[in-house]
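A quick write-up on the structure given underneath.
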Amino acid sequence: MLIFTIFNLLSLTGLNKFYKNIFFIFNAISINYLTDYNLNSVDLLTFREVPVIFLVLLFILMLKHNNNLIILFLISLTSLFSVLWGIDRGLVCNVLIIFIFFYIILIKDYKKTFYLFSFLIIVWLTFFLIQKNEFYYFFDNTISIYKNMSYVHGIIHPVPFSSDPNAGRATKTLIIILFLLIFSLRTIFENTIIHNSKLKKLLLFLSFICVLSYIYALGRSDGAHIKHTFGFPILTLSILVYYYFCKFFQKKKIIFFEPSLVIGTIFYIMFFNSIKLNNIDNYINKLNKFIYKEDEFFLNKEESEFIKQIKPIVNSYDCIQLFTNDAAFNYLLRKKSCTKYYFVWSASPKKIQKKFINELSNTNFIIKGGTKSNWEIPLEKKLNLVNDYISLNFKKKIKITQWTVFLRN
């Protein structure tokens with residue numbers, strides 16, 4: 001998606017054919033070092049950014065093709081798709097769509113404004129009509145997460161230019177974001193920096209993404225998440241630097257050598273030699289091998305021992321309730337959750353804790369405990385109301401490795 005986005009961006013640069021190739025190759029190499037295919041990673045650019053990157057691509061296509069209604073419809077679909085993909089990226093995408101909406105109004109393209117507004121209404125109304133109850137639950141949960149997530153994590157953002165942990169990383173990121181925002185705004189009002197109006201609008205759009213993406217670091221202000229917000233600033237900076245590099249040499253009428261395919265081959269050998277093409281062929285075999293592995297293969301020694309000992313005890317209960325972040329236990333023990341709160345990590349707001357307690361009335365079996373870490377606040381403190389209820393109404397039955405089973409009094 002990023003490669004295709006850079007490819008479509010070429011038409012906005014105003015570069016000649018040779019320097020378009022140079023611009024494309026350099027940015028493709030940069031993108032390779034920004035992306036990370038590890039699903040557990042919070043590195044620079046990961047799968048979480050798919051809706052945001054897709055929206056960037058659609059914005060470029062909208063700039064290239066003024067009257068394409070399909071693009072407007074896809075933008076409206078992204079409004080819903082992005083929220084279902086992840087509510088943090090959904091928030092970013094929908095704020096960007098509001099920017100797009102007002103941009104269309106500012107250029108006085110009222111016909112396109114009408115179509116985009118109509119498509120947005122149709123998409124969200126369709127979701128509402130198909131899943132009316134789920135829509136209300138989803139909306140209520142989303143608002144709750146927006147309000148409480150920073151409290152759930154319980155990490156205070158480091159003060160810039162201070163000795164706080166990760167303050168240097170936060171300061172660096174904020175400075176680059178501010179630079180990009182100021183620079184892109186300046187290009188809008190001055191014609192001497194960048195002449196192509198469409199490229200100006202794209203840079204401003206990317207700068208808005210950099211600003212909005214920093215909410216990930218505000219939601220959880222640890223080093224990894226602050227680093228994660230650095231992806232789009234580096235991407236925008238890469239586009240800007242290589243554009244000026246190519247523009248400078250094009251103006252000097254310097255052509256190093258042709259064809260530029262030679263350059264691409266050299267850079268491929270230098271930078272991409274770690275790619276193993278046989279992995280493409282081996283992927284399906286490896287995937288099938290892992291799918292058919294027994295559960296124990298994916299567990300550590302303590303987890304495996306707990307599952308082994310607890311299974312005979314669980315068999316006499318219709319359901320189990322977890323008061324641990326080890327949400328896989330429902331699957332591993334083949335038992336449904338007694339409440340809808342099977343993943344209790346984010347159920348800390350008092351309003352939700354009270355609903356949680358109400359649903360515990362028919363619960364007789366609770367699993368508590370798990371690995372202690374500095375990654376988060378202990379559940380006993382985070383869900384103090386629920387923990388008090390369990391202490392009053394349940395008694396400790398058995399402790400196995402790191403987990404404890406509680407049965408109703």
**Complete:** When every residue in the stretch 228-239 that is assigned to a helix (DSSP H, G or I) and under 13 Å from the mean Cα position of the chain (by Cα) is compared, the one modelled with the highest pLDDT is 232
**Message:** Pairs please, first residue from the stretch 335-359 and closer than 19 Å to residue 407 by Cβ and open to solvent by less than 20 Å² (accessible area, probe 1.4 Å), second anywhere and part of a loop (DSSP other than H, G, I, E, B) and not polar (S, T, N, Q), Cβ atoms under 6 Å, 6+ apart in sequence or on different chains.
**Reply:** 356/341; 356/347
**Request:** Would you check if there is a residue in the stretch 197-220 being outside any helix (DSSP H, G or I) and buried (at least 16 other Cβ atoms within 10 Å of the Cβ)?
**Result:** yes
**Request:** Only residues that are loosely packed, with under 14 Cβ neighbours inside 10 Å and touching a helix residue (DSSP H, G or I) at 6+ places or on another chain (Cβ under 8 Å): list them for the stretch 116-126, please.
**Result:** 122
**Request:** Being in contact (Cβ under 8 Å) with a residue 12 or more places away in the chain and under 15 Å from residue 360 (Cα atoms) is the filter; apply it to the stretch 385-404 and report the residue that is surrounded by the most Cβ atoms within 10 Å (Cβ to Cβ).
**Result:** 386
**Message:** Out of everything in the stretch 360-383 that is among the aliphatic types (A, V, I, L, M) and assigned to a loop (DSSP other than H, G, I, E, B), what residue ends up being most open to solvent (accessible area, probe 1.4 Å)?
**Reply:** 377
**Complete:** Residue pairs within 8 Å by beta carbon, gap of at least six or interchain, first lying in the stretch 68-93 and on the phi < 0 side of the Ramachandran plot and touching a residue at least 60 places away in the same chain (Cβ under 8 Å), second of a type outside the set (Phe, Trp, Tyr) and open to solvent by less than 30 Å² (accessible area, probe 1.4 Å), listed first then second, are 88/219; 91/83; 92/52; 92/82; 92/209; 92/213
**Item:** Index of the failed condition, residue 156 passing every other in (1) in contact (Cβ under 8 Å) with a residue 12 or more places away in the chain; (2) assigned to a helix (DSSP H, G or I); (3) hydrophobic (A, V, I, L, M, F, W, C)
**Value:** (2)
**Item:** Subset of the stretch 223-256 [open to solvent by less than 40 Å² (accessible area, probe 1.4 Å) and either of a type in the set (Ser, Thr, Tyr) or more than 20 Å from residue 34 (Cβ to Cβ) (or both)]
**Value:** 229, 236, 238, 243
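Residues checked against (1) open to solvent by less than 10 Å² (accessible area, probe 1.4 Å); (2) among the hydrophobic types (A, V, I, L, M, F, W, C); (3) touching a helix residue (DSSP H, G or I) at 6+ places or on another chain (Cβ under 9 Å):
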residue	(1), (2), (3)
30	no, no, yes
35	no, no, yes
48	no, no, yes
53	no, yes, yes
58	yes, yes, yes
63	yes, yes, yes
87	no, yes, yes
97	yes, yes, yes
**Asked** Can you spot a residue in the stretch 127-139 that is open to solvent by less than 90 Å² (accessible area, probe 1.4 Å), within 22 Å of residue 72 (Cα to Cα) and not basic (Lys, Arg)?
**Response** yes
**Asked** Among the residues of the stretch 307-321, which ones are modelled with pLDDT under 95 and either under 30 Å from the mean Cα position of the chain (by Cα) or aromatic (Phe, Trp, Tyr) (or both)?
**Response** 317
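The values are calculated or read from the model by the stated rules, or taken from the named source; none is laboratory data. Just so we're clear, the structure is a prediction, and the values are computed from it rather than from any experiment. Every residue, glycine among them, receives a Cβ derived from its backbone with ideal geometry; neighbour counts consider all protein chains shown. Just the protein is used for accessible areas: all its heavy atoms, side chains included, with ligands, DNA and RNA removed. Shrake-Rupley method; radii C 1.70, N 1.55, O 1.52, S 1.80 Å.
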